[in-house]
Ligand SMILES: CCCCCCCCCCCCC[C@H](O)CC(=O)SCCNC(=O)CCNC(=O)[C@H](O)C(C)(C)COP(=O)(O)OP(=O)(O)OC[C@H]1O[C@@H](n2cnc3c(N)ncnc32)[C@H](O)[C@@H]1OP(=O)(O)O
C-alpha cells in the first residue's frame, strides 16, 4: 500500500494519507505528491470535487520528524524545506478552483492541522483533535497556520490556539467554526462521500465561480466584488448547464450537468 494515494471516481478526486503506523505523518516525497495531486485535480475536467482524508485514527501528525533527523538543519535548509516543499501544497490548494473538502478522521497536529485549514470545508469525526503544537517546541507554524487559522476562527481564537498549542476536540472545533460538521467516527467516510457527491452533482461552472467570488471577496472591497459577481453571472447564464438547471427545475427532476 502506498503512503500517499490519489484516485478519481464519479467526479471526485480523493487524496488519502496512508501511513497509519506513523499517524499519517508526511514525508517530503509525500509533500511533492500532494502538490502534484492537487495540480492534477485542477487540470482534470473529470474532477469536480477534491477530498482529503487519512487512514486509521489520525488525519495527519504533520511532518515525519524521524525523516528530519538526518537533514542539514541550517537556517537556509529550514527555509527551503518550507518554501520548496510544504508551501507548494498551499499554493496548489489556493489555485484549486474546485471544492476542497477535508474529512478529518482523527488527530491533526502542526502541519497536519494546517493542511486541513487549506481545505474549503472540514467535516470531522467525533474523535478528531486539532493542535497547532509548534509553540510546544518554541517554533512558529511554518506551513501557513498564521494565515489560514485567523480566517477560519477569528484572530483572538487563532492567537489562543497558536500561543497555547492546546488540543481542540471536535465539538469545540465545531463551536469555533474550525469544522463545519461533526459525525460519528464510523460515519465520516459515508458522510464525506455523500457531501462530495452532492457538490459533484451541482453545475460545475457555477460551483467554481462561487468559490472564486468568495475567495477573491476575502480581499476585495464591495464595489469590486459586486462588479466581479456581475461578470460571473454573465458567464453562468451563458452555460448549457444553467439552461439545463432551469429546464430541470420546471420539469421537477434533478439536473444532469456537463460542466459546459
Ligand atoms: C507541533 C510542533 C513540533 C514541531 C517540530 C518540528 C521540527 C522542525 C520541523 C521543520 C520542518 C517543518 C515541517 C512542518 O512545517 C512542521 C510540522 O509538521 S510540526 C508537527 C510535527 N508533528 C508533531 O509534533 C506531532 C507529534 N506527534 C504527536 O504529538 C502524537 O504522536 C499524536 C499525533 C498526538 C498522536 O499521539 P498518540 O495517539 O499517543 O500516538 P503516538 O504518539 O504513540 O504515536 C504513534 C506512532 O506514530 C509516530 N508518530 C507520531 N507523530 C509523528 C510524526 N510527526 N513524525 C514521525 N512519527 C510520528 C510515533 O513516533 C509513534 O511511533 P512508534 O513509537 O509507535 O514507532
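Couple of notes before you dig in:
- A simple packing score, the average count of other Cβ atoms within 10 Å per residue, orders the peptides 1-11, 170-180 as 170-180, 1-11, with the highest score first.
- Between the helical axis of 240-250 and the longest alpha-carbon principal axis of the chain there is an angle of about 70 degrees.
- Selected from 142, 106, 54 as most flexible by GNM, with the chain as the system and alpha-carbon contacts under 10 Å: 142
- Footprinting exposure proxy for 84, 211, 23 (fewest neighbouring C-beta atoms within 10 Å first): 84, 211, 23
- Degrees, to the nearest 10: 188-200 long Cα axis against longest axis of the chain: 40
- Within the listed set 102, 90, 43, the Gaussian network model of the chain (springs between alpha-carbon atoms below 10 Å) gives the highest mean-square fluctuation for 43.
- In the chain, the calculated helix contribution to ellipticity at 222 nm averages -13500 deg cm²/dmol per residue, counting -39,500 (n - 2.57) for every DSSP H run with n ≥ 4.
- For segment 1-43: relative contact order, % (alpha-carbon pairs under 8 angstrom, 6 or more apart): 33
- Among 109, 235, the ranking by other beta carbons within 10 Å of each residue's beta carbon, starting with the fewest, stands as 235, 109.
- Antiparallel bridge percentage (DSSP; both residues within segment 4-200; nearest 5): 25
- Cα centroids of segment 195-260 and segment 40-68: 26 Å apart.
- Label-point separation in nm, residue 237 to residue 80, each point 7 Å along Cα→Cβ: 5.4
- The chain: angle of helix 204-217 to the longest principal axis, Cα-based, in degrees nearest 10: 60
- Relative contact order [Cα under 8 Å, 6+ residues apart], the chain, whole percent: 16
- Sorting the segments 158-169, 249-260, 69-80 by their mean number of nearby beta carbons within 10 angstrom, highest to lowest, gives 158-169, 249-260, 69-80.
- GNM flexibility winner over the chain from 200, 58, 240 (Cα, springs under 10 Å): 240
- Mean sequence separation of contacting Cα pairs (under 8 Å, at least six apart), scaled by the length of segment 1-95, corresponds to a relative contact order of 34 percent.
- Whether segment 44-186 is rounded, prolate or oblate, judged on the alpha carbon gyration tensor where a/c under 1.5 counts as rounded: oblate
Computed from the coordinates by the stated procedures, all read-outs in this text should not be read as laboratory data. What you see is a predicted model; the values in this text were computed from it and never measured. Virtual Cβ from ideal backbone geometry, glycine too; neighbours counted across all protein chains shown.
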